Structures are given as C-alpha cells and as structure tokens.
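Let me begin by presenting the structure, written as structure tokens, before commenting on it.
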Amino acid sequence: MELQNKTIIVVGASSGMGLATAARLHAAGAHIVMVGRTEDKLAEAAKTIESSTERISLVAADMTTDEGRQRIKAASDHVDHLVVTAADLSYMPIKDFTVEAAEKVVQSKLLAPLFLAQALLPVLAENASVTFVSGIAAERPIAGGALTGAVNGGLNALVRGMAIELAPIRVNTVSPGWVETPIWEQVMPDKAKREELFNAMRAKIPSRRLGKPQDIAQAIHLVITNGFISGSTMYVDGGQRLV
Ligand SMILES: NC(=O)c1ccc[n+]([C@@H]2O[C@H](COP(=O)([O-])OP(=O)(O)OC[C@H]3O[C@@H](n4cnc5c(N)ncnc54)[C@H](OP(=O)(O)O)[C@@H]3O)[C@@H](O)[C@H]2O)c1
C-alpha cells in the first residue's frame, strides 16, 4: 500500500491503459480520480475495479477545454500525481489532412496535457509527479500517422522542459509500443486486417508479443513512485523501436 493516502488523477481512465493504471494504483492504496469524457463509460470502467466504492471519484470532463480542465481541478484540492493517457487522434494520409483535423490531434495529445498540468499547478503537491503517455509513432510511424508521430515526439521533448521548469515536480513520459486496447478499433476498424497486422508485428518485434494495458500500468507505477526519474521517457514497447 505504498500509495496510501495519495490522490492520483488519471485522465483516460475509462479504457485501455488508463483503466489498467487506475486499477493498479488503486490496488496500491491511492485515491483515484478517474477522468474521461463519457459518464457511462467511466461508471462501467469503475465497476471493474475491485472495491471500487472506496477511494474512487469519477469526473466526466474533456481535457481539451478550459471548462473541462477546471472541472478536473475542482475534484481535489491536493493532488500527488497526475497521469494522462487520454488521446483522440485522427489517422489520415498527408494529402487528406485538413487544418481542423490537424489542430484536433495537436490539441488532444500535446496542448491539452500541457494546459491541464498548468491548471493543476495550484493543487499539485511540492513533490508531485506528472506522467504523460506518448508512443512508438514518434520513432516508428505508420502511414497515416505522421502527425501522431510528431505530437508523440513533441510530448517526449515537452516533459524535459517541464521537468526543468517545474522542479522539484517530476515530469516524464511513458512511450508504449503497440498495445491491445480499444483504440485500435478506431485506427483500423477491419478486424481481420487488424489481426493480420498484429500477427506480423508479433513475429517481428523482440518480445514476440504485443503489449497489454497492464504492462504500461506497471511502468507508470514505477515512474510515479521512483523519486529519481525526471525529464525521462520510459520505452515500454517490446523492443519495437529497434526493428
Ligand atoms: N494502444 C496502442 O497501441 C498505443 C500505442 C502507442 C501509444 N498509444 C497512446 O496511449 C494512450 C492510451 O491509449 P489507449 O489505447 O489506452 O486508448 P483508449 O483505450 O482509446 O482510451 C482512451 C481514453 O481516453 C479518454 N479520452 C479521450 N479523449 C479525452 C479527452 N479529450 N478528455 C478526457 N478523456 C479523454 C477516453 O474516454 P472518452 O472517449 O469517454 O473520453 C478513454 O478513456 C494514447 O495517448 C495513445 O495515443 C497507444
């Protein structure tokens, strides 16, 4: 129970890596503020966490808006750790990208985490940590994912500057490889094609398997509890960036 009496905000907690992280940190004793845009999804997700009636608050809010960020801030007047896994990205060929679609990607993955951390500064503990989730697209982009790669790389760079400026608050990214979560239903809706792609990746990468949300939750747990990790990117990708 090393995180007993700690308050941790997890944005993206209703699905995938965010949900696995919320469950893991809750099991370690923390009070978890679970954030996502959709109230029902949050309530269903919370039910999957053991003894979820204790030490869990649900906040339906969109982190890309000022109003949403203020709602997240209002959930607690003292925050020990902020974790952001949330993103809503558009994958499309460069020739089809519109300014509107591109701005949405930049807002969702780069600016919203930055401005959420800014909004929470008055309530973050002096020894708090801030952890964002970036991703393999920064190193190994797929066609249609050029801008996703750019915002992931931008996030890895952003935390280095934030760690210097916000010290002693520690700011880091965890960068996943391909992890089996619901996000893939949007990225590649055709199930058969998705499985084909997954099998090709399993055969290629050193781990010979794709990631599980729990792999990422374990890494986030380490990053937030190790007081000597700051301005770092932890790669949790089965070696995918090497091949
Ligand atoms: N899965 C992979 O293979 C992979 C690989 C590399 C990097 N990543 C990155 O890892 C992170 C987590 O991905 P995942 O696969 O766990 O995604 P996921 O299963 O789709 O979950 C995304 C979560 O974020 C919430 N969310 C999205 N936009 C939000 C907003 N504006 N404000 C508040 N909540 C929001 C969603 O709930 P609502 O829709 O209800 O808001 C949901 O809870 C993402 O940043 C993704 O880019 C994923």
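The values are calculated or read from the model by the stated rules, or taken from the named source; none is laboratory data. Quick caveat: nothing in here was measured; it's all calculated off a predicted structure. Here Cβ is always computed from backbone atoms with ideal geometry, including for glycine, and neighbour counts include all displayed protein chains. The area values use the complete protein model at the heavy-atom level, side chains included, leaving out ligands, DNA and RNA. Shrake-Rupley method; radii C 1.70, N 1.55, O 1.52, S 1.80 Å.
Per-structure values
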item: Filtered residue count, segment 34-44, keeping only those that are more than 19 Å from LEU82 (Cα to Cα), in contact with a strand residue (DSSP E or B) (Cβ under 8 Å, 6 or more places away or on another chain) and not polar (S, T, N, Q); result: 2
item: Failed item in (1) touching a residue at least 12 places away in the same chain (Cβ under 8 Å); (2) surrounded by fewer than 21 Cβ atoms within 10 Å (Cβ to Cβ), with MET34 passing the rest; result: (2)
item: Within segment 89-118, considering residues that are in contact with an Asp or Glu (Cβ under 9 Å, 6 or more places away or on another chain) and among the charged types (D, E, K, R), the one most open to solvent (accessible area, probe 1.4 Å); result: LYS104
